[in-house]
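The values are calculated or read from the model by the stated rules, or taken from the named source; none is laboratory data. Every value quoted in this text rests on a predicted model; they were computed, and no experiment measured them. Cβ coordinates were reconstructed from backbone atoms using ideal geometry, including for glycine residues, and neighbour counts include every protein chain displayed.
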Amino acid sequence: MSKENFDINQLLKLAYEALQVKNFGRAKDLFEKIISINKKIPEVYNNLGIIYMNDNNFEKAKECFNISINLNPKFSIAFCNLGMAYSKIGNFRLSEINYNKSISLDKKNIVAYFNLGNLYKDKNDIIKAEKYYNSALNLKPDMLQVYKNLFFIFYKSNQFKKLKEILIKAKNNLGKNFVVDFFEGIYDFENKKYESVINNFENLNIPNHEVNININRNELLAKSYDNVGNYDKAYEYFVEANSIVYKTFKEKYKKDNYIDAINKRINFFLEFDLNKWSLELSEKKDPIFLLGFPRSGTTLLDTILRSHSAIEVIEEKPIMEKFIDELKNTIGDDFSKLEKSDKNFFIKMRKIYFEERNKYVKFDKNKIYIDKLPLNLIFIGEIHRFFPNAKFIVALRNPYDVILSCFMQQFTPNDAMMNFINLRDAAHLYDRVMTLYLKYKRLFYSNIYEIKYEDVVTNFDKSINDLLNFLDLEWEEKVKKFYETANNRGIISTPSFNQVNQKIYNKSVNRWKNYDKKFLEIEHSLNKWIKEFNY
């Protein structure tokens with residue numbers, strides 16, 4: 001063995017040892033030293049790419065994986081890693097191509113099958129996701145993360161027959177496992193076997209690091225106790241679930257940041273004169289928004305409206321987030337600068353919104369598109385500035401029921417959702433949001449249509465027909481079978497995913513009365529909204 005080969009083998013040994021203990025800086029230095037000696041080892045570039053990807057430097061990672069592939073065009077693992085890099089930057093097409101190339105080179109590349117499953121799951125193509133997850137399980141029947149993902153898909157898409165099948169398969173291949181017991185509890189909950197859920201989950205020992213499972217375990221225990229009428233015990237477990245959320249995310253997300261954003265808008269629009277805005281008109285149809293405080297019935301309305309042949313609903317995509325970020329780059333927090341917006345800026349901002357929206361739809365001039373994300377409610381002012389003909393559907397619900405429901409549900413954590421850890425904070429956020437909304441309503445009343453959840457569940461035909469009239473659409477009978485639409489939606493990303501595939505029911509109306517004692521400290525702040533919205 002030559003001295004050069006000996007040196008490279010020694011360096012490779014040291015580099016792999018560094019990787020094993022996650023000393024990525026040392027591993028990177030060693031791989032780069034190897035490259036300075038020999039630039040033709042594909043595995044070195046592949047590992048270097050993994051290090052760059054771990055550091056979120058996806059451009060350098062892609063560069064390394066491509067060099068590795070050029071050196072060895074049959075290197076399945078490098079193609080798989082390149083697919084991961086493209087996935088990280090949101091390039092679905094190239095990610096898909098590279099995963100498939102990886103599989104064509106190695107039909108037993110479990111990671112490539114698994115990653116393709118993840119790719120399609122994220123695109124809500126649950127048929128293909130299921131196909132590739134099952135391919136991974138055929139190769140490795142005890143792959144726990146695949147079972148987790150398949151269970152998530154079947155649960156969130158309300159496919160309970162398949163959910164039962166994957167549960168049985170997991171039991172057979174994983175044996176006694178807390179994850180399997182957790183899955184079984186979810187299955188029992190969906191089948192209304194609340195006592196079984198309680199017996200299972202009260203004795204289920206889940207490791208502390210399994211944060212999401214612990215949160216969901218406490219949430220489902222709480223809801224099971226709620227369903228059997230033990231409201232004190234239910235409240236106890238709702239508190240515990242929210243406590244875990246707070247402890248886990250309190251450093252990352254700050255509830256006051258969101259409150260501050262609302263208060264800045266309240267202060268600006270307090271004495272605002274709409275005549276200060278010279279509103280530009282456009283030939284392009286302005287967007288329609290479905291808004292409301294969370295848990296006010298927006299997901300139910302979403303499902304009803306998308307049942308109409310002329311409507312497509314874009315569900316909770318970060319379209320306005322990109323729009324507001326771009327706007328903030330120009331005006332900061334100085335909303336008075338909206339008055340000085342020139343025509344070019346007006347055109348630019350409209351273009352930003354439509355380009356972002358069109359990433360999620362295949363535009364059809366014969367359809368109307370409804371952008372649904374409840375708390376975009378706080379951006380009505382900015383939206384109206386650039387879309388003066390925009391329409392806003394605002395969902396309302398009894399404030400007490402809304403606050404309780406937000407407290408009872410687990411949302412994806414962010415600054416806004418951290419206000420739902422307890423009833424007091426949730427009520428404070430409601431007060432701030434609705435105070436801002438009333439100012440918008442005074443200014444832009446002709447563009448706003450309010451619809452109450454309670455009216456939808458008690459007088460469906462009239463409330464939905466009136467809403468369709470606001471949208472200049474004719475009634476269609478199939479909106480009454482919205483629950484069939486829900487069954488074909490795939491993964492539903494909101495907490496109401498397992499409710500919208502049911503026929504109209506009213507058991508959630510006045511649910512708060514089961515917890516009336518918990519509202520004593522905040523009823524003064526909610527009662528003014530009861531009066532305002534005629535509840």
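For region 441-471, how many residues are out of contact with any strand residue (DSSP E or B) (no Cβ under 7 Å at 6 or more places or on another chain), in contact (Cβ under 8 Å) with a residue 24 or more places away in the chain and within 26 Å of residue 523 (Cβ to Cβ)? Can you show your working first?
Filtering region 441-471 down to residues out of contact with any strand residue (DSSP E or B) (no Cβ under 7 Å at 6 or more places or on another chain) leaves 442-446, 454-462, 464-466, 468-469.
Going one step further and asking which of them are in contact (Cβ under 8 Å) with a residue 24 or more places away in the chain, we end up with 443-444, 454, 456-458, 460, 464, 468.
Going one step further and asking which of them are within 26 Å of residue 523 (Cβ to Cβ), we end up with 454, 456-458.
Residues flagged as out of contact with any strand residue (DSSP E or B) (no Cβ under 7 Å at 6 or more places or on another chain), in contact (Cβ under 8 Å) with a residue 24 or more places away in the chain and within 26 Å of residue 523 (Cβ to Cβ) within region 441-471 amount to 4.
With the checklist (1) at pLDDT 95 or above; (2) touching a helix residue (DSSP H, G or I) at 6+ places or on another chain (Cβ under 6 Å) in hand, flag the one item residue 211 doesn't pass.
(1)
Conditions (1) surrounded by fewer than 20 Cβ atoms within 10 Å (Cβ to Cβ); (2) modelled with pLDDT under 95, marked per residue:
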position: 205; (1), (2): yes, yes
position: 221; (1), (2): no, no
position: 225; (1), (2): no, no
position: 228; (1), (2): yes, no
position: 235; (1), (2): no, no
position: 257; (1), (2): yes, no
position: 260; (1), (2): yes, no
position: 266; (1), (2): yes, no
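Checking residue 374 against (1) out of contact with any Lys or Arg (no Cβ under 9 Å at 6 or more places or on another chain); (2) modelled with pLDDT of 95 or more, which single condition isn't satisfied?
Every listed condition holds for residue 374 apart from (1).
Which count do you get for residues in region 136-173 that are more than 24 Å from the chain's Cα centre (by Cα), crowded, with 21+ Cβ neighbours inside 10 Å and over 13 Å from residue 183 (Cβ atoms)?
2
Listed here are the residues, each with its yes/no results for (1) in contact (Cβ under 8 Å) with a residue 12 or more places away in the chain; (2) in the same structural domain as residue 8 (by TED's automatic domain parsing); (3) buried (at least 24 other Cβ atoms within 10 Å of the Cβ).
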residue	(1), (2), (3)
24	yes, yes, no
58	yes, yes, no
68	yes, yes, yes
73	no, yes, no
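Please state which one of 28, 22 is in a loop (DSSP other than H, G, I, E, B) and in contact with a helix residue (DSSP H, G or I) (Cβ under 9 Å, 6 or more places away or on another chain).
Numbers: 28 fails: in a loop (DSSP other than H, G, I, E, B).
Just one listed residue meets the conditions, 22.
Determine whether residue 89 is within 31 Å of the chain's Cα centre (by Cα), surrounded by fewer than 15 Cβ atoms within 10 Å (Cβ to Cβ) and of a type in the set (Val, Ile, Thr). Give the steps one after another, and end with the answer.
Numbers: within 31 Å of the chain's Cα centre (by Cα): yes; surrounded by fewer than 15 Cβ atoms within 10 Å (Cβ to Cβ): yes; of a type in the set (Val, Ile, Thr): yes.
Yes; evaluated as a whole, the condition is true for this residue.
Residues 16, 45: which one is among the aromatic types (Phe, Trp, Tyr) and out of contact with any helix residue (DSSP H, G or I) (no Cβ under 7 Å at 6 or more places or on another chain)? Break it down stepwise before answering.
Values: 45 fails: out of contact with any helix residue (DSSP H, G or I) (no Cβ under 7 Å at 6 or more places or on another chain).
From the options 16, 45, the qualifying one is 16.
Determine, yes or no, whether residue 97 is of a type in the set (A, V, I, L, M, F, W, C) and over 19 Å from residue 40 (Cβ atoms).
On the way: of a type in the set (A, V, I, L, M, F, W, C): yes; over 19 Å from residue 40 (Cβ atoms): yes.
Answer is yes for this residue.
Condition first: under 18 Å from residue 427 (Cβ atoms) and touching an Asp or Glu at 6+ places or on another chain (Cβ under 7 Å). Now tell me which residues in region 239-275 satisfy that.
Those that are under 18 Å from residue 427 (Cβ atoms) and touching an Asp or Glu at 6+ places or on another chain (Cβ under 7 Å): 255, 258.
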